[in-house]
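Here the structure is laid out as structure tokens; the discussion comes afterwards.
What follows draws every value from the coordinates through simple rules; no lab data is involved. These numbers come from a predicted model, not from an experiment. Ideal geometry is used to build each Cβ from the backbone, glycine not excepted, and the neighbour counts take in all protein chains shown.
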Amino acid sequence: MSVINFGQSVSLVEFAHSIGVVGKDVTIIGRGEPGIGKSSMLKVLEKRYPSYEIAYIDCTLLDLGDFALPYTEAVGDMRVTKFAPNARFKMQSDKPVIVMLDEIGKAMKAVKNVLLTLMLEHRIGDHYLPEGSIVFGTSNLLSDGVGDMLEAHARNRICEVVVRKPDSDEWIDWALKSDIAPEVIAWVKQFPHALASYTDGSQKDNPYIFNPTKAGQNAVVTPRSLEKASHIAKQRAELGDALTISLLSGTIGESASRDMQAFFTVVDKMPTWDAVITNPATAKMPDDAVAKCIMVFSAISRVEKDTLSKWLTYSKRMDMEWQALFATSVMKSTKQAFCVMNSDFKDWALKNQWLF
């Protein structure tokens, strides 16, 4: 029997699933910390429902004039005023629409009032969204202290859920499918508290994370900033060490960037991928645990059908914990399909099936 936890938070995956299942009838607003991936749910839903139109609405930029413009129309002997809705809401579409009201809690009060009918009835003025359309929104936690507010009469028209920050394992599962730099993934594996939440009282002194009680915070580690850090890390050879660290400091904060710099130093001393694949039985094997962690995640990113067996030959020279990390992680990645067809991988998995 399932355990019901009333009032508990939901994951990003559960948030997207909820929108897909009941979003046609219930407008769900997901509240969560900054940068955790709430806005990316639109891309998830777009991929899941390819027959839908997509309408992204940044509520912080809306003014009353952005909803509809007046025009007159003759009705019998009288001309009356009607309102033409803004094309951004896709009401003119012949397909159902997924409307995302991003940062709705920061919208002006008058704008939120206009959006009430869209959230409750899928209507702006006299015009309705196409049948089957979905409306959902995002906002920050009240405790974030960034000005998000929905009045009681607005909350009664929607369903509010708290979307929790993904932990390190959840983020790594996503990163493995999203071309994130291996050294960034390995850094998160070694520093899982970098994705802890300030709502956990034990994290009050965590130097990496957003905390509204700390004055003067600049860049912090979030799923969003880690993705940006990945782009920087991939270009560090061209940027140079000093500029790379400066850019990372402005993206994930100074504490995180200094710790990540140590990972880059390790990477530069590791054998190249070509060396590993060319001579898997004799290529240099690093002694450092951080280097092995980075090599495993690099292999998940770079291994292909024709190089998998060679990597397995190399990895068997590592301790079992690193072999297991590769096997369990690659099975969560986009490489799963050809791994399960590889005889060497199948032999290893059968021999070590207790790991799965």
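Observations on the structure shown:
- Exposure proxy ranking, count of Cβ atoms within 10 Å, fewest first, for LEU64, LEU116, LEU176: LEU64, LEU116, LEU176
- Take the Cβ atoms of ALA237 and GLN217, set R0 to 35 Å, and the FRET efficiency comes out at 0.70.
- Of the residues ARG31, ARG48, the one with the fewest other Cβ atoms within 10 Å heads the list, and the complete ranking is ARG48, ARG31.
- Cα centroid separation, segment 72-127 to segment 286-356 (Å): 53 Å
- Cβ-defined net charge surrounding GLY137, 12 Å radius [Lys, Arg +1; Asp, Glu -1]: +1
- Take every pair of alpha-carbon atoms less than 8 Å apart whose residues are at least six positions apart; their mean separation over the length of the chain yields a relative contact order of 15 percent.
- Cross-link pairs beyond the 31 Å C-alpha cut-off, checked among LYS112/LYS177; LYS106/LYS214; LYS43/LYS335: LYS112/LYS177
- Sequence-distant residues sharing a close amide H with ILE28 (under 5 Å, placed H): GLY137, CYS159
- Label of the coordinate-derived value, volume of the Cα convex hull per residue in Å³, listed as (i) 183; (ii) 192; (iii) 140: (ii)
- In terms of surrounding Cβ atoms within a 10 Å radius of their Cβ, VAL13, VAL296 rank from fewest to most as VAL13, VAL296.
- Gaussian network model of the chain, Cα within-10 Å springs - most flexible of ASN211, ASN156, ASN140: ASN156
- Whole-Å distance, taken between Cα centres, linking segment 149-195 and segment 15-61: 14 Å
- Over segment 168-355, equivalent-ellipsoid semi-axes from the Cα gyration tensor in Å: 32, 19, 13
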